[in-house]
Amino acid sequence: MTMRIAFTVNGHDQALEVEAETPLLYVLRDDLHLNAPKFGCGAAQCGACTVIMNGRAIRSCVMPMAAAANARITTLEGLGTAEDPHPIQRAFIDEQAAQCGYCTNGMIMTAKALLDRHPNPTEQQIRAALAGNLCRCGTHIEILAAVRRAAEARRTDRWP
Amino acid sequence: MAVMTRAHPTDRRQFLKVGGALVVSIGLPSMLPGASAAPLARWWPAVLPADTVDSFLAIGADGMVTVYCGHVDLGTGVRTALAQIVAEELDVSIGHVNVVLGDTDKTPDQGPTIASDTIQVAAIPLRRAAAEARRFLVARAAQHLNVPQQQLTVANGIVSVRHNPAHSVAYASLVQGRRFDLGLPGDAPVKKPSEYRIVGKAIPRVDIPAKVTGALTFVHDLRLPGMLHGRVVRPPVPGVEISPAIGATLVSVDRHSIEHIPGVVDVVVHGDFVGVIAEREENAERAARELKVAWQPWLEGLADFSNLERAIRQHPSKPRVLNDEGDVVSALASAAKSLSATYVWPYQMHASIGPSCAVADVSGGQCTVWSGTQNPHVLRSDLAALLEVPVDSVRVLRMEAAGCYGRNCADDVAGDAAFLSRAVGRPVRVQLSRADEHGWEPKGAAQLVDVRGGLDADGMVAAYDFNTRWLSGMAEMLPLLLTGLRPAKPSVNTMGDRTAMPAYYDRYRSSPGFRHCRVVANDAVPPVRAAWLRGVAAMPNVFAHESFMDELATAAGADAIEFRLRHLADERGAAVLRAAAERAGWESRPSFQGADPGADVVKGRGAAYGRYIHSPFPGYGAAWVAWVCEVAVNRATGDIRVTRVVVAQDCGLIVNPDGVRHQVHGNVIQSISRVLKEAVTFDRSGVTSLDWAAYPILTFPEVPEIETVLIDRPEQPALGVGEAASVPSAAAMANAVFDATGIRLREVPFTTSRVRAKLQEQH
């Protein structure tokens, strides 16, 4: 059974006829053509599909569309572009914090949600926040440095 | 953001054959390779020649340099390093270099991207091609400017007169889009390392801005007009690729069972190959889940892997003597002390974060496949076999994928996509489920190593006897086996001999004891689907070598690093050991010194050394690496925490120090994960580690401090770094645990239960 679901993605209002149990991830990727959130496991175990919904980092692979009705969703694309990156994206570029880059979306979105809640996280808080985000290339050292750099940027620079 | 079909760009093969203006169509990671779905012409040779400058690079009328390399970037940043190498030799800015990787229609066949060989091997003809092109262009410029070549200098692709820089001409106008027609290898001199301005610099990776902003990069993100979504249903024997477990076991498929799912386009069945195609991805996924498929049970079932040592020992294998020098048996018999030990390595996963994915368009007699493969040219042949069409009607375009670290399911899913696309005559995207990726990816092989060694009265090694068994195959493309087009009979993979020779053996220079040295590799048909995983057999073999060297050092009452240096003739190896020891603040003393009986958490340090020796025996080496690591072991829980790792590495010339350092970090973190946590589990039907809960990997809170010492030798050839720093990992950790606790861990992974059991044994 399809239903009409309205929600906001990266500041744009969207309304779609879609089955209620369709995962948000597939709507973002296949209907809205947003590449950043990735399918990793389909079971909320790896974090590659992370988006920010109503201010919290959530796993879009297990979020049914019915639960996303009227939600405010931000994806990585909503932060900035390669030409005009968000400070947290800038920090990941400056620290070269990606190898294959498949997990990168989840790392940035999880860190963004953390920094919005805790602008001055300790090292332990950063690691705990990212504990559910898996990286197989072993980019953890650079990712941690990027999040610290982003936290610094949040204190000193423009932070949309 | 669907891909727009656009006019077919000037074909590279056509360019190679007839010359004419070159349209540089691809290369930027944010752009789609091979965007045109237009049919390809058919008159070119099956394999692009790799013996001309034009095979490797072209300069467009706009001055952009396009580099063509048959290797691909598996997430290591090698695309950027290749651009640096070419920009350096050509004297152009790095921003003017596009790198095209792994397009069977554009890049020469340089073999699969394996063995950390892209910089060490595949980059060499690129560099030579760039040097030839530069010499040719400078000669042209001398004519054009009417000055002797010696008065010319090149910067940023502009040739100018040294004392009159305004008198100049750009490469672009000298080439005017024409081909070079220069053979390789030529004799143009390459630059001296002392002249390097781009190579050796930490140039930022060209792919990262797209990756941190969600721009089109990955094969998973490709959308073609009219594209459908496919999913496959594999036989219920995950990871078993042997007949009769697969090949002819399908009993029935009930197509009606998914009639209630909207938008199902087709169900494709051929032999044991079962796939579904739907308009929407979630419906394809649901159709694959709900399709009623009956299979014949596999009565024989998998061998019992619960005791891995026994399972490997009992598995039929064939010994291959790699070395038998001196008289090992007598030397062991007459040794002052002799030791023996057995080391066990489990099946492990590549565990790519993204499941494999491919998009195929089989229509109009042509097959175009976008894939995350390691080996586009091999995949092309396999696809031709699968579709039973001529190889030259198949084109493979490599796009980025989740890091693979070896052979994952990338090729399998390319076959799935092609097979499904052919059935419906429309583009089909197939993405594997997490369970199928975990279950069917060709595993890193299980391995068993028996070592015997002796010490003489002076505490020097008197004999060394090494016997290694590994259970790996070559992992043929799975759809070829499922469809019955190839028999499900795994072939033997002889890579178990990688780094089987001890690093201390040197026919002419090593200590006399190491000249009584026997090394045997046992080759076997693998019981489960396995192939190569980062470090391949070198990681288990060096676990055995370097743990055993530690056991010998302890028996000799010697410091572990000093003991190694006494036996090591290889000066670059000795240098990395010394560098790691120095950075770590290594205190010379024997292990183990006893632990405070009252302390729950005890600390220790361990060292190991290894050089990744690969390719057909005796093979050749990648970078030299030494590890010193520090651990804290909780004796109550058995938990091992790696707190600090110091890695010293010598890879010769360092093309990009950040890139090299990141590979070291990646190797360290991934190998700690493998050694502390990872083992694939099985039941009689196959793999049971089918999600991340069943196959946990290292997480952020567990990541140690890592210090990297890079020994820069710019005058030496650049060596592979993709795997080298993984190789000493397990032994360094095991040796550190011994130093902390007095227990020897000889089976990976070092799980808490295994550590607790050993500690209890000790009391």
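What follows is calculated from the coordinates using simple rules that are stated; it is not laboratory data. Quick caveat: nothing in here was measured; it's all calculated off a predicted structure. Reconstructed Cβ throughout: ideal geometry from the backbone, glycine too, with neighbour counts over all protein chains shown.
Taking every DSSP beta bridge that has both ends in segment B:619-746, the antiparallel portion is near 65%. Simple rule: put +1 on each Lys or Arg Cβ and -1 on each Asp or Glu Cβ in the protein assembly as shown, find the dipole, and look at A:A20, B:Q649, B:M349; the Cα lying farthest toward the positive end is B:Q649. Based on C-alpha pairs under 8 angstrom that are at least 6 apart in sequence, chain A has a relative contact order of 24 percent. Of the cross-linked pairs B:K603/B:K758; B:K318/B:K489; B:K211/B:K677, which ones have a Cα-Cα span greater than 20 Å in the structure shown? Distance filter (> 20 Å) returns B:K211/B:K677.
Cross-link reach is defined here as a Cα-Cα straight distance under 19 Å, omitting same-chain residues fewer than 8 places apart; for B:K106 the lysines meeting it are B:K17.
Relative to the Cα centre, the charge distribution of segment B:509-614, modelled as +1 at Lys and Arg Cβ and -1 at Asp and Glu Cβ, gives a dipole magnitude of about 420 debye. For segment A:87-156, the dipole from Cβ point charges (+1 on Lys and Arg, -1 on Asp and Glu) about the Cα centre works out to 140 debye, to the nearest 20. Look at the alpha carbon pairs under 8 Å that are at least 6 residues apart: their mean separation over the length of segment A:2-78 gives a relative contact order of 39 percent. Fully extending the segment from B:S243 to B:R578 would add 115.5 nm, taking 0.36 nm per residue of separation and subtracting the current Cα-Cα distance.
Helix A:140-156 axis versus longest C-alpha principal axis of chain A: approximately 90°, rounded to the nearest ten.
Here the protein assembly as shown is assigned +1 on the Cβ of each Lys and Arg and -1 on the Cβ of each Asp and Glu. Its dipole about the Cα centre then comes out at about 660 debye. Between A:A20 and B:A693, the modelled label-to-label distance comes to 2.5 nm, taking each label 7 Å out from Cα in the direction of the beta carbon.
Restricting attention to the protein assembly as shown, close to 75% of DSSP beta bridges with both partner residues there are antiparallel.
Hey, with R₀ at 45 Å, roughly what FRET efficiency would B:S330 and B:V492 work out to, going by the Cβ-Cβ distance, to 0.05? Efficiency, rounded to the nearest 0.05: 0.85.
The GNM of chain A, with springs linking C-alpha atoms under 10 angstrom apart, assigns the highest mean-square fluctuation among A:A150, A:A69, A:A111 to A:A69. Determine the shape class of chain B: with a ≥ b ≥ c the square roots of the Cα gyration tensor eigenvalues, call it rounded for a/c under 1.5, and otherwise prolate if a/b is greater than b/c, oblate otherwise. Oblate, since a/c reaches 1.5 and b/c is not below a/b.
Multiplying the residue separation of B:D304 and B:S340 by 0.36 nm and subtracting their alpha-carbon distance yields 10.4 nm. If R0 is taken as 56 Å, the Cβ-Cβ distance between B:A757 and A:T2 corresponds to a FRET efficiency of 0.50.
Here each label is just a point 7 Å from Cα along the line to Cβ, and for A:A145 and B:R641 those points are 2.4 nm apart.
Each of A:A69, A:A97, B:G247 was scored by the projection of its Cα onto the charge dipole of the protein assembly as shown, and the greatest displacement toward the positive side belongs to A:A97; charges sit on the C-beta of Lys, Arg, Asp and Glu.
Here's the picture: charge each Lys and Arg Cβ at +1 and each Asp and Glu Cβ at -1 in chain B, and of B:P714, B:S433, B:S93 the one pushed furthest to the positive end of that dipole is B:S93.
Here the contact order of segment A:87-156, divided by its residue count and restricted to Cα pairs under 8 Å and six or more residues apart, works out to 54 percent. Computed from Cα atoms, the angle from the helix A:104-117 axis to the main principal axis of chain A rounds to 80 degrees.
Inter-label distance, A:A69 to A:A131: 3.5 nm, where each label sits 7 Å from its Cα along the C-beta direction. Can you bin chain A into rounded, prolate or oblate? Criterion: square roots of the alpha carbon gyration tensor eigenvalues sorted a ≥ b ≥ c, rounded for a/c under 1.5, prolate for a/b above b/c, oblate for the rest. Prolate, because a/c is 1.5 or more and a/b exceeds b/c.
For segment A:50-99, the square roots of the Cα gyration tensor eigenvalues, ordered a ≥ b ≥ c, give a/c of at least 1.5 with a/b greater than b/c, which places it in the prolate category. Within the same chain, lysines fewer than 8 places from B:K292 are excluded, and of the rest, none has a Cα less than 22 Å from its Cα. If you plug the beta carbon distance of B:H144 and B:H270 into 1/(1 + (r/R0)^6) with R0 = 60 Å, you get a FRET efficiency near 0.50. When B:L299, B:L222 are sorted by how many other C-beta atoms sit within 10 angstrom of their C-beta, beginning with the fewest, the order is B:L299, B:L222. Stretched out straight at 0.36 nm per residue, the stretch from B:A155 to B:Q176 would grow longer than its current Cα-Cα span by 5.7 nm.
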